[in-house]
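Below: one structure, written as structure tokens.
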Amino acid sequence: FFSATPWGTWQGDREGGGGDASKRNRSKMSGDEAFQKQAAVILALTSNEKSGHLGKLTAEEEQVLKEFREQHREKRMTDQDLLRFLRARQFNLKKASKMLEDTCEYRKQHQPDRLLVTDHVNICKQGLGFVQGVDKMGRPVVWYYFCNHDPAQHAQAWDFCVALLEMAIRALPPGSDGVTVCFDLTGYSRKNSDIKLAIKIVQTLQNHYPERMGMTLFMNAPTVFWLLWRVIRPFLDARTSAKILFVDGSNWQDKLHSLIDRTQLPAAQGGGLAMTPSTWIDQILRAPNGHSPSRSQGGSPVRTLGNLSPMGLGSPPLPIGYG
């Protein structure tokens, strides 16, 4: 539910992603070819081998990072995390500083790192989502099933969605910045539509979780979804839009498997992980010290309880965190 586009171009978005450049060439290639091309663009965009990452900085970027580090030394942030804010604002020091200060205030007020999935067991058992598996770049995957969303549970659903994202961030491997988020819209209908929640998710992710969205996938979007998409897309900035990919068609599972190995996918998506949101939360509740199932048990190694920094496992605890 995330490009105010006329009806005629929606099918193009569904088959190859939301970038304008890819639209111009889409008529020259099949839907599958367009999908693979857009997927390659997204994977390259989110790779830490590109400029703007540690070890890949230009002399100008190094200087901006140095100034940014001095301005915010009291926050005790790593260069890796400082660079997320700089990349999100194209290394504009003033804009990156404002984004960082706004994010600090957001986390101080809302304390998202204190949200626990175990506080929303009912939402999880309804099947709204879970953290399960990793993509082919080794990043944790957050699954959301909005066919199971009840708009009357807006507040609880919001807290639960944020809790899942925070869990995935804490499970990031060293050197990685972003997680993969999958929205399976199979069975989604008008009764699940929640425009306020959709806008809130978009704005919060863009404003307070810079570079945390490594890749966002929308699967099997029905016609009713595109009405909501038309409302939401104007809220997306260009950098966020470039990381969104639509996965549908009769071979949607094959497309998905090109991005996430079958062994790391839930059974509902044609994978080998038998766990569901309900059995996942049950196992977390039974696990000692609040740990989720290990990968060998068909899950993701994500710590769900305790005072862990949202920077990722192994990072020193921070007073409020920085997304």
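Details
- Test: residue in segment 58-76 that is among the basic types (Lys, Arg), open to solvent by less than 30 Å² (accessible area, probe 1.4 Å) and not in a loop (DSSP other than H, G, I, E, B): yes
- Residue selected from segment 135-151 under the condition open to solvent by 20 Å² or more (accessible area, probe 1.4 Å), out of contact with any strand residue (DSSP E or B) (no Cβ under 6 Å at 6 or more places or on another chain) and modelled with pLDDT of 95 or more, by the criterion farthest from His257 (Cα to Cα): Pro151
- Looking at Asp81, Asp113, Asp102, just one residue is assigned to a helix (DSSP H, G or I), under 27 Å from Cys161 (Cα atoms) and at pLDDT below 95, and that residue is Asp113.
- Ala157 vs. criteria crowded, with 22+ Cβ neighbours inside 10 Å and either within 19 Å of the chain's Cα centre (by Cα) or in a helix (DSSP H, G or I) (or both): yes
Residue-wise test of (1) more than 30 Å from Asp248 (Cβ to Cβ); (2) under 20 Å from the mean Cα position of the chain (by Cα).
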position: Ile42; (1), (2): no, yes
position: Lys50; (1), (2): no, yes
position: Phe68; (1), (2): yes, no
position: Arg76; (1), (2): yes, no
position: Asp79; (1), (2): yes, no
position: Leu82; (1), (2): yes, yes
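The values are calculated or read from the model by the stated rules, or taken from the named source; none is laboratory data. Everything numeric here is computed off the predicted structure, so don't read it as measured data. Every residue, glycine among them, receives a Cβ derived from its backbone with ideal geometry; neighbour counts consider all protein chains shown. Please note that ligands, DNA and RNA were not included when accessible areas were found on the heavy atoms of the full protein model with its side chains. Shrake-Rupley method; radii C 1.70, N 1.55, O 1.52, S 1.80 Å.
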